[in-house]
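The values are calculated or read from the model by the stated rules, or taken from the named source; none is laboratory data. Note that this is a predicted model, so its numbers are computed, not measured. Note that each Cβ is placed from the backbone with ideal geometry, even for glycine, and that neighbours are counted across all protein chains shown. Quick note on the areas: whole protein, heavy atoms, side chains included, nothing else; ligands and nucleic acids left out. Shrake-Rupley method; radii C 1.70, N 1.55, O 1.52, S 1.80 Å.
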Amino acid sequence: MIKPLIKGLGVTLKHLFAPAVTIQYPEERWEPYPRYRARHIMYQREDGRPKCVVCMLCATVCPSRCIKIVGIQDEKGDQYPRRYEIDLGRCIFCGFCVEACPVNAIGMTTHYELDGPTRESLILGLEEMMRPPRG
Amino acid sequence: MPRLTIDGQVIEVPPGTKVIDAAEALGIVIPRLCYHPALGPAGACRLCAVSFLDGPVKGVLMSCSIEARDGMVVSTEHPEAVSFRKQVIEWLMMNHPHDCPVCDEGGHCLLQEVTVASGHCRRRYPGPKRTFVDQDLGPFVQQEMNRCIHCWRCRRFYQDYAGYRDFGALGIGWRTYFGRATSGVLESPFSGNLVDICPTGALTDKPSRFMARRWDVERAPSLCIHCSLGCNVTVSAHLREIVQVEARYNGDVNGHFICDRGRYGFDYANHPLRPRSPAVMGEETSWSKAIAQAVAGIEEVTRAHGPKAIGVVSSERASLEAMVTLSLLCEETGWEGPAFFQDEETLVKNRLLAQVALSHGIAGLREVEKADLILIVGTDPICEAPLLALAIRQAWRRGAWVGALDPRPIELPLTFEQSGLWDEELKKALLKGAQREEGLEEVLPGWKEALDRSREIVVILGPTVVDISSLRRCGEFVSKLGKKARIFPVFRGPNSLAASALSRESTFRSLARKIREGKIKALLLVEADPFHGTKMRGELEASIRSLELTIVIDYLPSEVVKRAHILIPSATIYEGGGSFINQEGRLQRASPVHRGGIPLRRNLQGNLRPPRTFAKGPPGETAKSSWQVLLELGERIGKGLGIEDKEDIWKVARERFPFLWQVEPGGRISWEGGGVQEEAMEEEEDPSQSSQEMRVLLVTSTFAGEELSQYSSKLDPVRNEARAFFNEEVASQRGLRRGDRIWIRMGDVRVPFSVKTSPKVPSKLLILDPGNEGLWREVREVSKTIGWTEIERA
């Protein structure tokens with residue numbers, strides 16, 4: 001009976017002196033690895049329009065069906081999205097959309113601090129997506 | 001019967017079958033881009049190459065151009081053939097842009113399919129790609145010539161099959177350009193088929209552009225209900241919106257194609273003003289309240305005036321389920337009706353036409369295609385049943401002789417004889433034609449010769465222009481022609497044949513008379529708009545206003561819906577499905593495509609997302625078809641029919657209306673007409689006795705005038721203006737020329753018309769096509785005759 005008790009206390013003692021695995025979050029911030037998948041980003045063409053060509057492949061491949069796209073065409077025949085929304089409340093950050101994109105228009109950043117007071121505020125619109133994430 | 005071996009399987013096919021079709025019969029689909037069963041082989045794409053190992057021909061050859069013959073041994077998987085096909089795809093892709101992600105065809109593209117299947121992924125040739133300048137081909141077809149692979153399907157359909165000349169092939173060799181001489185709207189009312197048959201994204205559907213990928217949409221087999229032919233279509237819905245209608249192959253009815261009215265007339269289902277929720281006195285309310293109000297209203301009227309004080313009106317566009325339920329309900333309750341037709345004349349004409357056609361052998365589109373003598377009596381195929389014109393053209397291409405007896409200047413994509421006979425003259429001509437040896441030779445030169453060498457005769461007969469006695473005369477005339485003659489009836493609505501079979505004596509006019517006499521106090525309108533195409537608007541408005549209760553069950557934002565006391569929305573054919581009997585008596589069923597509801601695109605305007613509220617169904621869903629609403633009403637007033645679902649309707653109706661239900665869906669009904677009394681109609685006096693007056697004939701055109709497609713915004717760009725057709729001589733005497741603008745006074749409204757002249761129009765006749773309505777809606781009454789004093793230049 002004594003033996004397991006000492007063993008258990010030993011584990012506790014070990015962790016008392018081992019370096020901490022947690023961080024003091026608001027003061028300290030975790031730096032994710034570059035390959036980490038968090039908030040999406042829409043890359044831009046040279047003229048500042050989104051690079052997306054509205055092929056719907058991301059919306060098709062998306063397993064949580066959280067991407068909604070409405071496309072238009074300019075007078076030269078180039079297609080671009082008028083509306084491109086990702087519902088981050090439903091997104092599972094699998095990165096399939098990035099993989100499916102034939103023109104490398106959509107990417108994922110390491111910005112993981114995603115929050116909002118309402119469900120609607122978690123919907124990522126086109127303009128917001130084209131700005132680099134804050135912070 | 002040639003027997004041949006394809007990939008080790010032996011098959012026997014009728015002589016003349018192409019090897020590609022023989023293989024398809026075995027379930028082996030040889031890739032093809034230019035071959036189309038309706039258009040035949042062109043040998044342009046070289047993709048259907050197979051190896052002929054033994055038999056009359058040997059080597060790698062095109063299976064679409066070679067007829068199956070005895071002793072052929074064909075291998076589709078021979079390494080030589082496979083490598084041939086692979087290289088064909090490589091050079092087809094040499095000039096094809098690699099833009100599948102932005103191409104609207106991506107996902108249902110034949111070229112994409114074969115390219116992926118062949119494994120081609122890298123272009124070896126480093127030179128530039130061939131490019132073209134695109135044209136604007138109007139509101140329906142989007143051209144992107146860079147994607148063209150020169151299969152010639154579009155030209156072969158447009159010029160050879162459909163017979164229009166404004167779109168074709170220009171240039172030679174690899175610079176061949178498929179388009180018009182200059183940008184402009186395609187003239188053919190069948191232009192939408194170009195989208196269906198184009199194997200790449202060179203010609204794509206403009207109205208549904210960028211809306212959805214093929215795998216995103218909800219699709220179901222459905223029916224086109226924009227005329228009486230009952231063409232088969234596939235309907236796509238996306239985000240609660242109908243986005244596209246395509247032709248669905250049915251060898252017995254429409255074949256591979258449909259007309260543009262059927263293809264782009266679907267938009268009434270997405271109409272922004274479509275009734276979506278029940279309303280009482282114009283105020284939206286819940287389903288239960290609206291039904292309760294309706295029941296209370298009906299019971300009150302019944303208590304005060306008896307069941308005969310309730311009139312029931314439906315129309316030719318109601319589904320068979322609705323018609324049957326309504327008929328049973330009227331029998332059960334003793335309500336007046338149901339009335340399916342505007343007036344007695346239309347009812348008798350429709351019945352008579354059904355009777356005449358069914359007793360002489362009714363013809364469908366396939367019989368028209370096989371005929372070698374076609375006589376059109378009182379029908380304008382392009383306007384009333386557009387696909388019929390294509391069928392007539394196919395017969396004409398095989399050498400058939402076509403003649404028309406119609407006062408309208410008919411336009412058909414073929415050469416034919418026309419005589420503008422009408423009324424008395426038509427009757428006389430038919431009588432003479434039936435009596436004398438040379439028949440109609442006097443009015444239609446070439447008739448006698450064509451009749452002598454004909455084996456299959458089809459008489460196309462419509463009830464709109466000809467009067468009752470001419471219809472009957474026509475029946476006699478056809479029986480004189482002998483057993484080889486059949487009648488192809490052209491009705492007005494998709495379910496007219498069923499309506500004339502189920503109709504009692506009531507018509508809307510007779511009910512209106514009873515309303516004026518005070519016998520009818522309440523009206524139940526089921527998918528009917530009496531204001532559509534009426535000549536008696538003023539009278540109609542007065543009688544509807546004098547009613548104590550108007551209950552409307554409908555899905556259109558029609559005029560009567562606006563005047564309804566109680567409005568109950570119903571489901572369209574896309575949401576509820578339904579059965580329809582087409583002009584040849586073929587019973588066909590449509591499946592529901594989607595659940596319906598307010599289209600999400602409309603919700604997205606302004607708001608970022610649809611409102612997050614909790615409900616069982618999608619917002620604006622009209623879950624019930626009209627027959628379901630009727631059953632519920634019947635149950636609530638204590639006259640339940642013991643029907644719960646569609647199958648029950650079939651069961652009950654089979655017992656009650658056996659003539660309609662002897663067949664399984666897809667087959668033809670056999671019904672001897674019946675119920676047409678010989679003395680049914682008193683023939684009216686010819687009112688145009690004085691030489692100054694002209695008889696008025698109201699007609700409709702392809703894209704304007706049909707009830708459902710009238711609400712489709714997709715067709716707005718091609719709707720014609722109001723036109724008035726005069727006899728050429730009469731018009732020139734009065735100094736009117738083609739294209740002049742005139743005002744015609746009708747009551748206190750002046751309606752603008754554009755003048756059209758034709759030598760075919762009888763001199764005492766004025767043909768009016770209201771076109772896309774407009775001021776027409778204010779005309780309170782269209783008189784039977786119009787004098788020159790009422791016509792003035794604009």
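Selection of first residues in the stretch B:162-184 that are of a type in the set (Asp, Glu) and of second residues that are open to solvent by 60 Å² or more (accessible area, probe 1.4 Å), restricted to Cβ pairs under 6 Å at least 6 apart or on distinct chains, gives the following pairs, ordered by first then second residue: B:Asp166/B:Glu187. Of all residues in the stretch A:71-100, which are at the interface with another protein chain (Cβ under 9 Å from one of its Cβ atoms) and closer than 26 Å to B:Pro207 by Cα? A:Gly71, A:Ile72, A:Gln73, A:Gly77, A:Asp78, A:Gln79, A:Arg83, A:Glu85 - these are the residues of the stretch A:71-100 that are at the interface with another protein chain (Cβ under 9 Å from one of its Cβ atoms) and closer than 26 Å to B:Pro207 by Cα. Taking strands (runs of 3 or more DSSP E) as the structural unit, those lying wholly within the stretch B:406-502 and holding at least 1 residues that are in contact with an Asp or Glu (Cβ under 7 Å, 6 or more places away or on another chain) and either open to solvent by 30 Å² or more (accessible area, probe 1.4 Å) or outside the structural domain of B:Ala395 (by TED's automatic domain parsing) (or both) correspond to B:485-489. The condition of being among the charged types (D, E, K, R) and closer than 30 Å to B:Gln143 by Cα holds for only one of A:Asp78, A:Asp87, that being A:Asp78. Of the residues that sit in the stretch B:361-381 and are open to solvent by less than 20 Å² (accessible area, probe 1.4 Å) and in a helix (DSSP H, G or I), which one is nearest to B:His256 (Cα to Cα)? In this case the residue turns out to be B:Leu365. When A:Pro117, A:Pro63, A:Pro132, A:Pro102 are screened for being closer than 16 Å to B:Val102 by Cα and part of a loop (DSSP other than H, G, I, E, B), only A:Pro102 passes. Output yes when any residue across the stretch B:761-773 is part of a helix (DSSP H, G or I), within 32 Å of the chain's Cα centre (by Cα) and more than 20 Å from B:Glu693 (Cα to Cα), and no when none is. Among the residues of the stretch B:761-773, not one is part of a helix (DSSP H, G or I), within 32 Å of the chain's Cα centre (by Cα) and more than 20 Å from B:Glu693 (Cα to Cα), which makes the answer no. Taking the conditions (1) charged (D, E, K, R); (2) assigned to a loop (DSSP other than H, G, I, E, B); (3) open to solvent by less than 10 Å² (accessible area, probe 1.4 Å) in turn, A:Arg90 satisfies each one other than (3).
In the stretch B:143-150 there is at least one residue that is in a helix (DSSP H, G or I) and open to solvent by less than 20 Å² (accessible area, probe 1.4 Å). For the stretch B:511-524, the criterion of a residue being open to solvent by 30 Å² or more (accessible area, probe 1.4 Å) and within 30 Å of B:Arg436 (Cα to Cα) is satisfied by no position.
Condition first: open to solvent by 70 Å² or more (accessible area, probe 1.4 Å) and β-branched (Val, Ile, Thr). Can you find one or more residues in the stretch B:108-131 that meet it? Yes, the stretch B:108-131 has at least one match.
Restricting attention to the stretch B:47-70, which residues are in contact with a Phe, Trp or Tyr (Cβ under 7 Å, 6 or more places away or on another chain) and at positive phi? Correct list: B:Gly59 only. For the stretch A:106-126, taking the residues that are under 15 Å from A:Pro32 (Cβ atoms) and among the hydrophobic types (A, V, I, L, M, F, W, C), the one that is nearest to the other protein chains (Cβ to nearest Cβ) is identified as A:Leu114. If you go through the stretch B:225-236 and keep only what is closer than 12 Å to B:Ser591 by Cα and touching a Gly at 6+ places or on another chain (Cβ under 8 Å), you end up with just B:Val233. Got at least one residue in the stretch B:694-715 being part of a helix (DSSP H, G or I), modelled with pLDDT of 90 or more, aromatic (Phe, Trp, Tyr) and under 21 Å from B:Ser496 (Cα atoms)? Looking for residues that are part of a helix (DSSP H, G or I), modelled with pLDDT of 90 or more, aromatic (Phe, Trp, Tyr) and under 21 Å from B:Ser496 (Cα atoms), one finds at least one in the stretch B:694-715, hence yes. Cβ-Cβ distances below 6 Å connect the following pairs, each with a first residue in the stretch A:49-69 that is more than 8 Å from chain B (Cβ to nearest Cβ), a second residue that is small (Gly, Ala, Ser) and surrounded by 22 or more Cβ atoms within 10 Å (Cβ to Cβ), and a separation of six or more residues or different chains: A:Lys51/A:Ala105; A:Cys52/A:Ala105. Here is a check on your reading of the model: is B:Pro15 open to solvent by 40 Å² or more (accessible area, probe 1.4 Å), part of a loop (DSSP other than H, G, I, E, B) and under 27 Å from B:Gly255 (Cα atoms)? Yes.
Evaluate the stretch B:733-751: report whether one residue or more is open to solvent by 50 Å² or more (accessible area, probe 1.4 Å), touching a Phe, Trp or Tyr at 6+ places or on another chain (Cβ under 8 Å) and under 23 Å from B:Met536 (Cα atoms). Scanning the stretch B:733-751 turns up at least one residue that is open to solvent by 50 Å² or more (accessible area, probe 1.4 Å), touching a Phe, Trp or Tyr at 6+ places or on another chain (Cβ under 8 Å) and under 23 Å from B:Met536 (Cα atoms). Residues of the stretch B:716-750 that are charged (D, E, K, R), over 14 Å from B:Arg261 (Cβ atoms) and part of a helix (DSSP H, G or I): B:Glu728, B:Glu729. For the stretch B:532-539, state whether one or more residues are within 21 Å of B:Gly378 (Cβ to Cβ) and more than 28 Å from the chain's Cα centre (by Cα). Scanning the stretch B:532-539 turns up no residue that is within 21 Å of B:Gly378 (Cβ to Cβ) and more than 28 Å from the chain's Cα centre (by Cα). Scanning the stretch B:72-100 for residues that are surrounded by fewer than 18 Cβ atoms within 10 Å (Cβ to Cβ) and within 14 Å of chain A (Cβ to nearest Cβ) yields a count of 3.
The set of residues in the stretch A:111-133 that are open to solvent by less than 50 Å² (accessible area, probe 1.4 Å) and among the β-branched types (Val, Ile, Thr) contains only A:Ile123. For first residues located in the stretch B:707-723 and under 11 Å from B:Gly771 (Cα atoms), partners that are modelled with pLDDT of 90 or more and basic (Lys, Arg) and lie 6+ apart or on another chain with Cβ distances below 8 Å form the pairs B:Arg723/B:Lys756. Inspection of the stretch B:162-175 finds a residue satisfying the criterion of being part of a loop (DSSP other than H, G, I, E, B), within 23 Å of B:Cys103 (Cα to Cα) and of a type outside the set (Val, Ile, Thr).
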